[in-house]
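**Q** Here it is, the structure in full.
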Amino acid sequence: MPVVGRDAGQVVGQVVGRVSGRDIARGLRRSLTAAVGAALLAAGAAACTSQAPASDSQVAGTAPSPAAAQPQRGGTLQVLVSGSVATWDPQQMYVGPEAFFAQRTFARGLTAYGTGTHQRDVQADLATDTGTAADGARTWSFTLRPGVTWQDGSPVTCEDVRHGVARTFDRRTHVNGTNYASYLLDIPTAVTPEGVEKPVYAGPGDAAHQADFDRAVSCAGRTVTFRLRDPEPDFPHIVALPEFAPRKASADTKTDKASYAVMSSGPYRLQGAWVPGQGGTFVRNEHWDRSTDPIRQAYPDTIQVTSGLGDATVIQRLLNQQDDDAYAVSWVQASPTLRNQAGTALQARLTFPYTGNVDYLAVNMRSKVMANPAVRKALALSTNRATYATATGGEGAGTPTWSLLSPAVDPQSIDVPPGSRVEGDPEAARRVLEQAGVQLPVRLRVVYARSVLGDKAYASLAAGWQRAGFQVELTGVAPEEYYETIEKPTSVDSYDLFRGAWTPDWPSAGSVLPALFDPRINLDSSGPGQDVGYFSDDAVNALFDKADTTADARARQAVWRQADQAIRDRGGYIALSATKALYLHGSGITSYEDHQVGGIVDLATVAVR
């Protein structure tokens, strides 16, 4: 039913909801934690329907104005945030909306992701290029652009880059954020009293091991050089993470764990203090030089961030568009049902981008049932991806293979493996089981994270599996206990199939496949790590190693495709759906687009009318 003509407050209860699907994964032996914010597939830019902000009922049916769509400089952009911002400290920020906001406004990096048609391309930001590799991609050098400065007018230096990276080694304060530097950099390690192998260097102030860090991260004028333990051809993507942003040592405080102090190298600086639970105002950084920044257009003069709101409040304000809310954006996700209830004008303010998160099933390769290849094949054949996607509010079910996370691949080429259908084929699956002489029914123990949508989704999957000849036992676990449950060593004997979800930290299969299917960095006596299905294959491991030493991006992509295909051929996983989010913005916004990697509205290009 159209929303136009109804009181917006009447439909808020129906449309508000946060699409979860961005699970925090734990336990990776290389200290790699799961991303919560990188989106991969494009969403169409929303067209606004009037030259001046107005209510939806006023502009219903009005054709978009080409002139109005042109971005203009000036004005105040409103950003509505649900809950509180944990920190504005780049080294403490994980991949996600707040980190992407920071990177587009005040926390520049050596590299960054482009805009428009180049959103998935890593590009030079503070550096003059995307890095120079040597020693088989074990050594990477980046030279800072001349003329880049902090908000106080002082230059951004190589030492600032070193100091930012050094802070990630301080285990007293670095309790959040990513930690790629700690396992990538060639720094000696030692086993801690807890039995965990970690670098001996403990951050700024560790004089005893400063020389170890200096060898791994060195400066020569404006050039910073990183020396890695192993080849890493994706390093230009990794330094685009906020973890590698420069940090001026004088900006450090004794309360870095919850620091809201901002020392900007980008187009905006924080005016006054940030008030936790309320927000703050970002204004133009007078010392930012547009000529040194090839990525950020910085159209608005001011960005007013209001935090501490509830999801329902954010959506209602965007629906009502009172006062300055016509000039507002948000990364609060609404229920996809809003798309079916909205009128023409409201539809123009909705975007439905892919989140980058893929839901999948990890098959327990040590299960007695799943040890039979015919059973694994039948399970894949009978999996109804279409009903799963419908139940979880997604679109375009099918098999989004992990290799499609490579930036050189068109993500719209997502395909279904030969011989299978998105709606599943239980009858064909039953024939596979019967021809293999498998006694029916086949007991199938499935564990997943319990929720209203999850219960519905797995019930729909179970229906298809049962038609194929499986006797399905569903176990729903509270979301906060799910990963603890499946990563226990006993899980290998308790379940045959695990629910999984993954969002990569950068758009490459290199940030996905080894993390989930390399036993060498996952499996030990404490449990499976991220490889919850205990997948282990020497040929696949060899492809992982080959990809790490393949310098050419397209050639490396081909190796990742081989590895992905090999895992699927073994029945190691079944992809379910690529999840989507629904975002709503004000009618006073122009040049709106959701970033494919950042996962939210791109603050580098958005403007207000």
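**Q** So which residues in the range 562-596 are among the hydrophobic types (A, V, I, L, M, F, W, C), part of a loop (DSSP other than H, G, I, E, B) and modelled with pLDDT of 90 or more?
**A** LEU582
**Q** Turning to a different aspect of this structure: Mind listing whichever residues of the range 281-334 are among the small types (Gly, Ala, Ser) and buried (at least 20 other Cβ atoms within 10 Å of the Cβ)?
**A** Selection gives ALA298, ALA326, ALA328, SER330, ALA334.
**Q** Which one is surrounded by the fewest Cβ atoms within 10 Å (Cβ to Cβ) among residues in the range 223-278 that are farther than 21 Å from GLN103 by Cα and of a type in the set (A, V, I, L, M, F, W, C)?
**A** Applying the filter and picking the extreme gives LEU228.
**Q** Additional query: Would you please list the contacts, defined by Cβ atoms under 6 Å and residues six or more apart or on different chains, that run from a residue in the range 518-547 that is assigned by TED's automatic domain parsing to the domain that holds LYS368 and buried (at least 21 other Cβ atoms within 10 Å of the Cβ) to a residue that is assigned to a loop (DSSP other than H, G, I, E, B) and small (Gly, Ala, Ser)?
**A** Every condition considered, the pairs that remain are ASN522/GLY529; GLY529/GLY27; GLN530/ALA25; PHE535/GLY572.
**Q** To continue, here is another question. Taking the condition within 28 Å of the chain's Cα centre (by Cα), surrounded by 22 or more Cβ atoms within 10 Å (Cβ to Cβ) and not in a helix (DSSP H, G or I), does TYR448 pass? If you could, list the steps in order and put the result at the bottom.
**A** Values: within 28 Å of the chain's Cα centre (by Cα): yes; surrounded by 22 or more Cβ atoms within 10 Å (Cβ to Cβ): yes; not in a helix (DSSP H, G or I): yes.
It is true that TYR448 is within 28 Å of the chain's Cα centre (by Cα), surrounded by 22 or more Cβ atoms within 10 Å (Cβ to Cβ) and not in a helix (DSSP H, G or I).
**Q** Which residues, counting only those in the range 500-549, are within 22 Å of VAL239 (Cβ to Cβ), part of a helix (DSSP H, G or I) and over 17 Å from the mean Cα position of the chain (by Cα)?
**A** ILE521, PHE544, ALA547, ASP548
**Q** State the number of residues belonging to the range 161-185 that are out of contact with any Asp or Glu (no Cβ under 7 Å at 6 or more places or on another chain) and over 19 Å from ARG227 (Cβ atoms).
**A** 6
**Q** Would you confirm, using the coordinates I've provided, whether THR173 is in a loop (DSSP other than H, G, I, E, B) and within 28 Å of the chain's Cα centre (by Cα)?
**A** Yes.
**Q** Among (1) modelled with pLDDT of 95 or more; (2) within 23 Å of the chain's Cα centre (by Cα), where does GLY599 come up short?
**A** Looking at each condition in turn, GLY599 falls short on (1).
So that you can scan it fast, the table gives a plain yes or no per residue for (1) in the same structural domain as ALA107 (by TED's automatic domain parsing); (2) of a type outside the set (A, V, I, L, M); (3) touching a Gly at 6+ places or on another chain (Cβ under 8 Å):
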residue	(1), (2), (3)
VAL156	yes, no, no
HIS174	yes, yes, yes
ASN179	yes, yes, no
VAL200	yes, no, no
PRO204	yes, yes, no
VAL239	yes, no, yes
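**Q** Under the condition of being small (Gly, Ala, Ser) and in a loop (DSSP other than H, G, I, E, B), which residue from the range 288-312 is farthest from SER84 (Cα to Cα)?
**A** If we filter the range 288-312 for residues that are small (Gly, Ala, Ser), which is where we start, we get 291, 298, 307-308, 310, 312.
Remaining after also requiring in a loop (DSSP other than H, G, I, E, B): 298, 310.
Working: ALA298: 24, GLY310: 10 Å.
For the range 288-312, the residue satisfying everything is ALA298.
**Q** So which pairs qualify, if the first residue must be in the range 480-503 and within 16 Å of VAL358 (Cβ to Cβ), the second must be among the charged types (D, E, K, R) and at pLDDT below 95, the Cβ gap must be under 7 Å, and the two must be at least 6 apart or on different chains?
**A** Qualifying pairs under 7 Å: ALA501/ASP23; ALA501/ASP359; THR503/ARG22.
**Q** Same structure, new question: Which numbered condition trips up GLN151, out of (1) more than 24 Å from the chain's Cα centre (by Cα); (2) polar (S, T, N, Q); (3) modelled with pLDDT under 95; (4) surrounded by 15 or more Cβ atoms within 10 Å (Cβ to Cβ)?
**A** (3)
**Q** Give me the pairs, please: first residue somewhere in the range 285-312 and among the small types (Gly, Ala, Ser), second residue anywhere and assigned to a helix (DSSP H, G or I), beta-carbon distance under 6 Å, and either six or more positions apart or on two chains.
**A** Qualifying pairs under 6 Å: ALA312/VAL12.
**Q** I need the strands (runs of 3 or more DSSP E) fully contained in the range 67-142, keeping only those with at least 2 residues that are over 21 Å from the mean Cα position of the chain (by Cα) and surrounded by fewer than 23 Cβ atoms within 10 Å (Cβ to Cβ). Walk me through it before giving the result.
**A** Values: elements: 76-82, 111-113, 122-124, 132-134.
Once the strands (runs of 3 or more DSSP E) in the range 67-142 are filtered for at least 2 residues that are over 21 Å from the mean Cα position of the chain (by Cα) and surrounded by fewer than 23 Cβ atoms within 10 Å (Cβ to Cβ), what remains is 132-134.
**Q** Turning to a different aspect of this structure: Please tell me if GLY571 is under 19 Å from MET370 (Cβ atoms), surrounded by fewer than 22 Cβ atoms within 10 Å (Cβ to Cβ) and not charged (D, E, K, R).
**A** It is true that GLY571 is under 19 Å from MET370 (Cβ atoms), surrounded by fewer than 22 Cβ atoms within 10 Å (Cβ to Cβ) and not charged (D, E, K, R).
**Q** Ok, one more. Among GLN322, GLN333, which is the only one that is free of Cβ contacts under 8 Å to residues at least 24 places away in the same chain and either outside the structural domain of GLY529 (by TED's automatic domain parsing) or within 25 Å of the chain's Cα centre (by Cα) (or both)? Talk me through it step by step, then tell me what you get.
**A** Working: GLN333 fails: free of Cβ contacts under 8 Å to residues at least 24 places away in the same chain.
From the options GLN322, GLN333, the qualifying one is GLN322.
**Q** Let me ask something additional. Got a number for residues in the range 453-469 being of a type in the set (Lys, Arg) and either at pLDDT below 95 or farther than 15 Å from SER382 by Cβ (or both)? Can you show your working first?
**A** First, the residues of the range 453-469 that are of a type in the set (Lys, Arg): 456, 467.
Applying the additional criterion that residues be either at pLDDT below 95 or farther than 15 Å from SER382 by Cβ (or both) yields 456.
Total meeting the criteria: 1.
**Q** Being surrounded by fewer than 18 Cβ atoms within 10 Å (Cβ to Cβ), in contact with a Ser or Thr (Cβ under 6 Å, 6 or more places away or on another chain) and in the same structural domain as CYS158 (by TED's automatic domain parsing) is the requirement here; does GLN210 meet it?
**A** Details: surrounded by fewer than 18 Cβ atoms within 10 Å (Cβ to Cβ): yes; in contact with a Ser or Thr (Cβ under 6 Å, 6 or more places away or on another chain): no; in the same structural domain as CYS158 (by TED's automatic domain parsing): yes.
So GLN210 fails the test.
**Q** Further question on the same structure: With the condition kept exactly as written, say whether any residue in the range 452-461 is out of contact with any Ser or Thr (no Cβ under 6 Å at 6 or more places or on another chain), part of a helix (DSSP H, G or I) and of a type in the set (D, E, K, R).
**A** Taking every residue of the range 452-461 in turn, at least one turns out to be out of contact with any Ser or Thr (no Cβ under 6 Å at 6 or more places or on another chain), part of a helix (DSSP H, G or I) and of a type in the set (D, E, K, R).
**Q** Also, quick follow-up: Scan the range 154-163 residue by residue and report those that are more than 26 Å from the chain's Cα centre (by Cα) and either in a helix (DSSP H, G or I) or aromatic (Phe, Trp, Tyr) (or both). Quick ask: steps written out before the conclusion?
**A** Looking only at the range 154-163, we keep the residues that are more than 26 Å from the chain's Cα centre (by Cα), and these are 154-160.
Once the filter is applied, which keeps residues that are more than 26 Å from the chain's Cα centre (by Cα) and either in a helix (DSSP H, G or I) or aromatic (Phe, Trp, Tyr) (or both), the range 154-163 yields CYS158, GLU159, ASP160.
**Q** Has the range 353-369 got at least one residue that is within 20 Å of ALA607 (Cα to Cα) and buried (at least 20 other Cβ atoms within 10 Å of the Cβ)? Please lay out each step first, then the result.
**A** Here is the first cut: in the range 353-369, the residues within 20 Å of ALA607 (Cα to Cα) are 353.
Add one more test, that the residue is buried (at least 20 other Cβ atoms within 10 Å of the Cβ), and what stays is 353.
Yes, some residue in the range 353-369 is within 20 Å of ALA607 (Cα to Cα) and buried (at least 20 other Cβ atoms within 10 Å of the Cβ).
The values are calculated or read from the model by the stated rules, or taken from the named source; none is laboratory data. In this text the structure is predicted, and so the values were computed from the model without any measurement. For neighbour counting, all protein chains shown are included, and Cβ atoms are generated from backbone atoms with ideal geometry for every residue, glycine included.
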